[in-house]
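The values are calculated or read from the model by the stated rules, or taken from the named source; none is laboratory data. These numbers come from a predicted model, not from an experiment. Note that each Cβ is placed from the backbone with ideal geometry, even for glycine, and that neighbours are counted across all protein chains shown. Heads up: the accessible areas ignore ligands, DNA and RNA and are worked out on the full protein's heavy atoms, side chains in. Shrake-Rupley method; radii C 1.70, N 1.55, O 1.52, S 1.80 Å.
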Amino acid sequence: MERDVSDKVLSDVHVFTPHETLPDTDESVNTEHMMETKLDDVGLQVWQGCLLLCDFVLHLHTKFKASRVVDLGAGVGLTSIVAGLFAESVLVTDVGEMILRTSESNIALNKPLLGEDCTFLVKELNWLKFCGPKDSYSDARSSRFQMTEDDHTLLDGVSLILAAEVIYDPDLTDAFFSTVKQLMSRPPAKTLYMTLEKRLVFSLADLDVVSPAYEHFQEKMEELLALSLDGVTFHCCQVPCDFPQYFTYDRHKHLELWQITSSLSD
Ligand SMILES: C[S@@+](CC[C@H](N)C(=O)[O-])C[C@H]1O[C@@H](n2cnc3c(N)ncnc32)[C@H](O)[C@@H]1O
């Protein structure tokens, strides 16, 4: 089956196999996504870290119950959909009309499973332009993806932040951490769960195997931990990936899950 989205075609309507049914039900989650893309369209694929984060949300579902969640760099929306099985609201964010429309249609595709309990809002949130609630930073051509004042209020009020596979480019990593710092410095205290894959490359300069994107991530994490902004402090830890696996993917040792929390003194 093929389906037109904007000026491109999304092939491979991926219907998860029985291995990927949700725990304790016969239900499965369906998404439309691409199996491979160019760098500009990475969000149209479902990445392994997304499946790891979905597993973690299913494992920790009591924490997500009735919570307000934002998904940063949500891609085709799979993590958002799984979080929406439990959450009160999910703000699904990314950049570009094509990706935003795809996640919107994937949420609609899973409506029979999701029911009406969770409110989904799909909005453009560009880390490279994120400056806080009062700034206009949306490039979305269609106004329905532009953040309104109410959306900013919703964003400020989230307690859980999700981000799967958003560490792959140094400038984007800087912008992502700047966004996280601003979001997590405002009450209520927030917890971020993020996944990444430590990608190794052979460096001729070092004559060794290195992971520049991962090293940059570690530097940004250390900067965040060293910060103390107006009584806000950050804590971080790597979460062991020993929880059950519901989705089919290779959960290898370079696929990592991290937790960042913010504490705000009164
Ligand atoms: C590797 S994909 C991960 C997508 C999805 N979370 C997953 O794991 O399947 C990275 C995501 O970050 C988004 N992204 C890239 N630049 C961004 C920016 N400046 N602001 C917000 N999101 C951005 C991409 O559009 C893409 O959806």
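Worth pointing out:
- Apportionment of accessible area to carbon and sulfur, the chain, percent (1.4 Å): 51 percent
- Distance violations [Cα-Cα > 23 Å] among Lys190/Lys253; Lys111/Lys190; Lys38/Lys190; Lys220/Lys253; Lys190/Lys220: Lys190/Lys253; Lys111/Lys190; Lys38/Lys190
- Net length available on complete extension from Lys111 to Asp156 is 13.6 nm, with 0.36 nm assigned per residue and the Cα-Cα distance removed.
- Exposed GluC sites (Glu not before Pro) absent - longest run of the chain, DSSP non-H/G/I/E/B, at most 10 other C-beta within 10 Å: 117-266
- The gain in end-to-end length when the Ser265 to Asp208 segment is fully stretched comes to 16.1 nm, 0.36 nm per residue minus the alpha carbon separation.
- Area projected by the alpha carbon convex hull of the range 32-170, averaged over all directions, nm²: 8.1 nm²
- Per principal axis, descending, Cα span of the chain in whole Å: 50, 49, 39
- Residues Lys38 and Ala66, FRET efficiency given R0 of 35 Å [Cβ-Cβ distance, rounded to 0.05]: 0.35
- The chain, relative contact order [Cα under 8 Å, separation at least 6], %: 18 percent
- Per residue, the range 43-264 exposes an accessible area of 43 Å² to a 1.4 Å probe, with every protein chain left in place.
- Alpha carbon centroid spacing (whole Å) that separates the range 36-65 from the range 183-231: 18 Å
- Value at 222 nm in deg cm²/dmol, rounded to 500, when DSSP H runs of n ≥ 4 in the chain each add -39,500 (n - 2.57): -8500 deg cm²/dmol
- Solvent-free Debye scattering, log10 I(q)/I(0), computed from the Cα coordinates of the range 160-266 at q = 0.10, 0.12 Å⁻¹: -0.33, -0.47
- Between His235 and Ser28, residue separation times 0.36 nm minus the direct Cα-Cα distance comes to 71.0 nm.
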